[in-house]
Every structure is written in C-alpha cells, then in structure tokens.
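Let me begin by presenting the structure, written as structure tokens, before commenting on it.
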Amino acid sequence: MAALGRRWPVQLLLALRSLPTRRTLHDATPPRDVLLFEHERGRFFTVLGLFCAGQGVFWASLAVAALAPPSVPARPQDTEYPDRGRLDVRSMLWRYGLAVGCGAIGTLVLGAGLLFSLRSVRSVMLRAGGKQVTLTTHAPFGFGAHFTVPLNQVSCMAHRGEVPAMLPLKVKGKRFYFLLDKSGHFPNTKLFDNTVGAYRNL
C-alpha cells in the first residue's frame, strides 16, 4: 500500500508533464481547415493594377513617339546642309536613347506593380491534418491567385513581433518573399506561430 502511494505522485507528475506536448501536437494537426491570416485589400490592388497599366501605356507611347523620325521642313534644292550626316547621327542616338529610357521606366513600373501584387498575401489557410498550407495572393487587379504547398516547405524569416509592417514568408521553389501585412487579421496567433510562422532551414 505504501509502494502504491509512492507511485501515484510520480505517475501524476509524468502525466502533467506530457499534457503541453499533447496539446501542441493537437493544435498543430487540426481536424479541419483553419484560417491563420486574412487581409482584404482588393480595392487597393485594383487601383494599383490600373495605375501600372496606365503607366505602361504612357511610357510605351513616349518610346514609340521618340522612335518616330522628326519632320524635316521643305527647302530649296540648292540649299546646302552643313554637317547633315553628323546631325542625323546625333538625332538618331538621342531618339534611340530616349526610347530605351522610356521603355525601361515603363517596364520597371509595370514589373514592380505586378510583382508586389503577386507576392502580397491575402489569406493563409492551414489544411486539415496540418501537413499542407494554402496561400492566396491578391494578384493583378485583385483577382486573387492561390496555391498549396507542404508546410515543411514554408519558412517565416522573422517573428511577428520583430518586424514593423511586413512579415516575410519564404516558400521553397519560389523566387522572392511573400509578404504578410501585419495590419491584417490573425485569427489564431498561437497556431500561426507554431506552423506557418516558424523558421525552417530551406
């Protein structure tokens, strides 16, 4: 009877120590899909898409206008043109340089807006079982695009409390970081920190 009384506190202590581990495993493997992050900014990305498209058309039209040969006023046939060849070369170089510059600016603005919309995360969904996660981005014009990857291929490069505005998320096989705006809604912060918000060496 004394031996039984001694074993009981030891078994109770072991059971209490195992409770947090079991609870963490249960939280990390939910029986159904769980929303971890959501940030709706469809109107902003619609305006951003229209702005970038307008900038692309504007700079492209400037590039085309720069490539167009300038109009030459009519002169009498006996009029001499001093250094006409040199002037033509300078004019051609100036026009081609201006066209390349306008095209580069338009491409840069359009590419930056497209990349930002494709890497700005709208929602993060942990799938049932906790093995996969679905990321939905805003995409151009806020139409939205989603893909599902294994959880072990997602790594958060900083903790939520370490960054002021954007939380960088790295996905194996994808270039550039995915950005989570901290002003968005985190319905389950503890589960987010234990799954998607954890750092992994990819």
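The values are calculated or read from the model by the stated rules, or taken from the named source; none is laboratory data. All values reported here derive from a predicted model rather than from experimental measurement. Glycine also receives a Cβ, built like all others from the backbone with ideal geometry; neighbour counts cover every protein chain displayed. Note: areas computed on protein heavy atoms with side chains; ligands, DNA, RNA excluded. Shrake-Rupley method; radii C 1.70, N 1.55, O 1.52, S 1.80 Å.
Taking 7 Å steps out from each Cα toward its Cβ at Arg175 and Val100 produces label points 2.2 nm apart.
Going from most exposed to least, what order do Leu50, Leu167 have by accessible area with a 1.4 Å probe?
The residues order as Leu50, Leu167, largest area first.
Between Asp193 and Met92, the contour length at 0.36 nm per residue exceeds the alpha carbon distance by 30.5 nm. Around the amide H of Val133, modelled in the peptide plane, lie the amide H atoms of Arg127, Val149, Leu151, all under 5 Å away and 5 or more residues distant in sequence or on another chain.
Each label was represented as a point 7 Å from its Cα along the Cα-to-Cβ direction; for Leu115 and Thr148 these points are 3.0 nm apart.
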